[in-house]
Amino acid sequence: MELKTNGTAADQLARVTQLEYLLIGDLRDLLDDRPDSTDRKWLMAVLDALLQSLNTERELKDEGGYFQKVVDKRPAWSRLVERLREENLQMYDRLFELRIMMDLMSDRQFEKAITHLRGELMKWMMWFTAHSSREERLLQTAFLVAV
């Protein structure tokens, strides 16, 4: 799934972000009911697509530097930007760990671990949403507010 095909980087990033929110919605729908081994392949497919999308988003954001425009406008915010970038990497790594964990489990192990996995994925989704809000607030504050 290659998402960087045409348009400006901003357009591509907007499409990737929209896709991520759709995938988060799909993941939430799958987790609303207690998933079982028959839902496992769908969970893994959504996680695979979400990981690909997150990777593409990071590549797009890293072109020219992660929030480099913010750092250029507000140099004192470079540490804040770096913390957000590190958190972005940690979120990706955590979701990748959960995906690998699911892949390594037998159906029986999956059935036993689903409550734990469901809780971890729900926590990850809240983390993702909070992180996205922090990024958006950073951009808004940097460019719309006179500091």
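The values are calculated or read from the model by the stated rules, or taken from the named source; none is laboratory data. Just so it is clear, the model here is predicted, and its values are computed rather than measured. For neighbour counting, all protein chains shown are included, and Cβ atoms are generated from backbone atoms with ideal geometry for every residue, glycine included.
Brief remarks on what is shown
- Annotation note: of ARG15, ARG79, ARG58, the sole residue that is within 30 Å of GLN140 (Cα to Cα), touching a Phe, Trp or Tyr at 6+ places or on another chain (Cβ under 8 Å), without any contact (Cβ under 8 Å) to a residue 40 or more places away in the chain and charged (D, E, K, R) is ARG58.
- Here ARG99 meets each of (1) at pLDDT 95 or above; (2) of a type in the set (Lys, Arg); (3) farther than 15 Å from LYS41 by Cα; (4) surrounded by 14 or more Cβ atoms within 10 Å (Cβ to Cβ) with one exception, condition (3).
- Hey, VAL81 aliphatic (A, V, I, L, M), in contact with a Gly (Cβ under 8 Å, 6 or more places away or on another chain) and not in a loop (DSSP other than H, G, I, E, B) or not: no
- Failed condition for ASP62, given (1) within 23 Å of ALA10 (Cβ to Cβ); (2) buried (at least 16 other Cβ atoms within 10 Å of the Cβ): (2)
- For region 112-147, the set of residues classified as part of a helix (DSSP H, G or I) and among the small types (Gly, Ala, Ser) consists of ALA113, GLY119, ALA130, SER132, SER133, ALA142, listed by residue number.
- The lone criterion from (1) surrounded by 15 or more Cβ atoms within 10 Å (Cβ to Cβ); (2) farther than 29 Å from LEU30 by Cα left unmet by ARG85 is number (2).
- Output for region 18-48, where each listed residue is modelled with pLDDT under 90 and crowded, with 18+ Cβ neighbours inside 10 Å: PRO35
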